[in-house]
Amino acid sequence: GSCQGNSVERKIYIPLNRTAPCVRLLNATHQIGCQSSISGDTGVIHVVEKEEDLNWVLTDGPHPPYMVVLDGNLFTRSVMLQLKGTSRVSGLAVAVATPSPPKGFSPGLKCPNDGFGVYSKDYGPQFAHCNTTVWNPVGSGLSYEDFDFPIFLLEDANETQVIKQCYQDHNLPREGAAPQYPLCAMQLFSHMHAVTSTVTCMRRSSLQSTFSINPEVVCDPLLDYNVWSTLQPINSSGKVEPEKEVIMVATRIDSHSFFWNIAPGAESAVSSFVTHLAAAEALRKAADVLSLQRNIMFTFFQGETFDYIGSSRMVYDMEQDKFPLRLSNIHSFVELNQVALRNGSVLWMHTDPVSRMNGTIEAQVKNLLGILSNSSLGTNVTLQEAGFSQPLPPSSFQRFLRARHIPGVVLTDHRTAFQNRYYQSMYDTPENIQLQYPEGLSPEETLEYVTDTAKALAEVATVVARALYQLAGGANNTSAIQADPKTVSRMLYGFLIKMNNSWFQSIIKSDLKGILGDVPQHYVAVSSPVNTTYLVQYVLANLTGTVVNLTKEECLNPEKTPSTEREVSVQQWGEGS
């Protein structure tokens, strides 16, 4: 006879060490992600390597609920919705697909950050909801679904193999007949208390802290910092004079995937912020930067994945006069956004067709595009306009446009849909941007090795730096302004391959050495600041700062020394505040 008991003794358990959970996230109206029951969820393992293996889980197998071990290539919307629609599944472990899925994979939305940018029924309605251009056509939206069972990523191929072996030895249905106990089983534990929406969750947290002796935090706000710095120092009052014009350069420094803290972000974030940092270093070396008519602000937004948190905060602070700059100080806006996968030499310039209907803005945008195109002469970068009939791609610039008509351009490697077929996924890896090293190099040699990717990004940085110099009123020949491929190489290694390297160790404060984990991830989190934020701050200071000849005492008592220091500043934001 068959016994339906769920007793632990009759199952064989395997401990797993290298896994990443899918977590629960809330905003003002929705909850997305995953959770497990308080004690964790258990189930009999069933390996699904082809679509027809699902039948056993969904209908035929006699020992539900099942823990499904899913081949990474089957981690698709259609399979996931079938699993979501049944009570016969208690959890899911997804094996990484190697090589990366050839058709692409993005658990993000087809229209990233839809509803949080500038386009709406009141502003360019023909462009709202990606009506004109679907930016991320492979987006399955899985990251924005709500699953009531735990889902984990199996990061270690050896561990995946052990599970499959246990399954083959004990659970494999023979000629369609059910296997006998003991069965191989798995327990997944990722309990998330948060429920419904941020508002409900925060209300529960505050009630608990009122009535409970040892309050348990029900939900943590996402919390982190934007990083910014200016080319010329801001005077000691900490405010930019109302008449001073500032050119804003911006990139995002965060990425995302379906699984917690797995966000390599090679193309979606790292390619752009590394190029931005290289451009900042190149500008710093120009002779007359301190006397230029306009200042330049290097801005790195953290948290853009979720509804443009970082840029929204900066715009809000500027509007409230709680920031050294006001929106009215911004002369123009240049954003770098996914620039590593250029087709041939082309870099596309995207502008906002709606604000360009205004004659003044149109003239300023034309000037901006002209200077950019000019700056690419004699380089391996060809700049082209994406076209007037097309809206801006998802970008931080959109948050600024919501507040004020500012002339601006977003630079990308794609004219329409993203070149990046792994946007906001675990497969947006160094391989995705063709970062390749010769065999047999030591870590130190790898750090210093100049890859083709580094050369290509340095070319983009050179063009951007030359254009910024001219936009700021620089009149000298710009051929001396040149981004350094060696710096780009080090940054790509540090932000994509190994954070714990000799260069990063040499530029951060010694008490922060502990943050240098091995494999870099650029995931927005609740423990702030994340490593990326710290490191971007220190790299920016290192590449644009001046070594000062001060004693320790002078350094600790800045009021005794004449101050012409430029600082790298951070601006904190917390979601829900």
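What's the carbon and sulfur percent of segment 95-178's accessible surface, probe 1.4 angstrom, rounded to a whole number?
Exposed carbon and sulfur together represent 54 percent of the surface.
How long are the semi-axes of the equivalent ellipsoid of segment 119-192, taking √(5λ) for every eigenvalue λ of the Cα gyration tensor, in whole Å from largest down?
Sorted largest first and rounded, they come to 45, 15, 13 Å.
Is the C-alpha gyration tensor of segment 391-442 telling us rounded, prolate or oblate? Criteria: a/c under 1.5 is rounded; beyond that, a/b larger than b/c is prolate, otherwise oblate.
prolate
Hey, could you grab the Kirkwood Rh for the chain? Inverse mean 1/r over distinct alpha carbon pairs, Å, one decimal. Kindly include the intermediate steps, with their values, before the conclusion.
Values: mean 1/r = 0.0391 Å⁻¹.
Here the Kirkwood hydrodynamic radius works out to 25.6 Å.
Any chance you could get the radius of gyration and Dmax over the Cα atoms of segment 227-545, in Å?
My reading of the Cα-based Rg and Dmax gives 18.4, 58 Å.
So what's the angle, to the nearest 10 degrees on a 0 to 90 scale, between helix 271-284 and the longest Cα principal axis of the chain?
20 degrees
Non-local amide H neighbours of Cys184 (under 5 Å, H modeled in plane, Pro and chain starts lacking H): which ones?
Ile12, Ile45, Asn171
Show which aspartates and glutamates lie in cross-link reach of Lys322 when reach means a straight Cα distance below 17 angstrom and same-chain residues fewer than eight apart are skipped.
Within the straight-line limit of under 17 Å, Lys322 reaches these aspartates and glutamates: Glu241.
Cβ under 14 Å from Glu431's Cβ, Glu431 left aside: what net charge do those residues give with Lys, Arg +1 and Asp, Glu -1?
Here the count lands on -2.
Checking the cross-link filter: which lysines have an alpha carbon closer than 27 Å to that of Lys285, excluding same-chain neighbours under 8 positions apart?
Lys239, Lys244, Lys455, Lys486, Lys509, Lys552
If exposed trypsin sites (Lys or Arg not before Pro) are those in a DSSP loop with at most 14 other Cβ within 10 Å, what is the longest stretch of the chain that has none?
122-321
Roll a 1.4 Å probe over the protein chains and send me the accessible area per residue for segment 246-341 in Å².
With the other protein chains kept in place, segment 246-341 gives 22 Å² per residue.
Suppose R0 equals 60 Å; then what is the FRET efficiency for Glu553 and Asn131 from their Cβ-Cβ distance, rounded to the nearest 0.05?
Once rounded, the FRET efficiency stands at 0.45.
Carbon and sulfur together cover what percent of the accessible area of segment 227-545 at a 1.4 Å probe radius? Could the numbers behind the result be given before it?
Details: 5150 of 10920 Å².
In segment 227-545, the share of accessible area belonging to carbon and sulfur is 47 percent.
Mind giving me the nanometre distance, one decimal, between the label points for Glu444 and Lys84, set 7 Å out from Cα along Cα→Cβ?
Each label point is offset 7 Å from its Cα along the Cβ direction, giving 5.2 nm.
The values are calculated or read from the model by the stated rules, or taken from the named source; none is laboratory data. Here the structure is a predicted model, which means the values were calculated and not measured. Cβ: placed from backbone, ideal geometry, glycine included. Neighbour counts: every protein chain shown. Areas reflect the complete protein model, heavy atoms only, side chains present, ligands, DNA and RNA absent. Shrake-Rupley method; radii C 1.70, N 1.55, O 1.52, S 1.80 Å.
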